[in-house]
1. Let me check I've understood the local charge: for L15, count other residues with C-beta under 11 angstrom from its C-beta, Lys and Arg +1, Asp and Glu -1. What total comes out?
2. Could you tally the net charge around R124, taking each other residue with its Cβ under 14 Å from the Cβ of R124, Lys/Arg +1 and Asp/Glu -1?
3. I need the chymotrypsin sites (Phe, Trp or Tyr not before Pro) found in the range 90-146, filtered to DSSP loop residues with at most 14 other beta carbons within 10 Å of theirs.
4. Lys and Arg at +1, Asp and Glu at -1: add these up for the other residues within a Cβ distance under 15 Å of V65 and post the number.
5. Please state, to two decimals, what the Cα-based radius of gyration of the range 82-146 comes to when divided by 2.2 N^0.38 Å (N = residues).
6. Of S104, S97, how do they rank once you tally other Cβ atoms within 10 Å and put the fewest first?
Amino acid sequence: MMEKLCNHSLVWLRLYEPGTQRPVYGLPGDGGKTYEVAKARPGYSWQGRWYPHDAKRAYGRIKVVGREAVLVERAKTRNRPLWAADQRVQQICAKLSPNGFWLSPPDQEQDRLLREAGVPEEERKIIRTDVFCENARILLEYLARK
């Protein structure tokens, strides 16, 4: 679902309410929700010009070969050997911190900010969205094949 903010600008929203598909945002502090972006917790990318490329690619494939053919292809993919995925899953799980996070070294600017905040060097680690998304994708693919 997209929101039109101006004449030619389509924006994808981060979260939609299940069932209603209304855009939903988190409130500061208490973890509540709001439907108004102006009231949402600041400092979070609630909306942006992202595009779900995988969905577009899947839709194009369905238009070309049809739904049933795509379902057959997907079933074949899920029956592939798991040995390679098993190794990746083990590696991903081994990299989890004791608290269950995948931590990465900060870039120079992030390191500077952490240093200025008094964070000791051995604790200067960050959670990167790209690392989380890739690891989650691998784990979900693995579970889908099991």
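1. In short, +2.
2. -3
3. Qualifying residues, ordered by number: F101.
4. For residues surrounding V65, the net value is +4.
5. 1.37
6. So the residues, fewest neighbours to most, are S97, S104.
We did not get these values from a lab; they are worked out from the coordinates using the rules stated. Since the model is a prediction, treat every value here as computed from it, not as a measurement. Glycine gets a Cβ as well: all are built from the backbone with ideal geometry, and neighbour counts include every protein chain shown.
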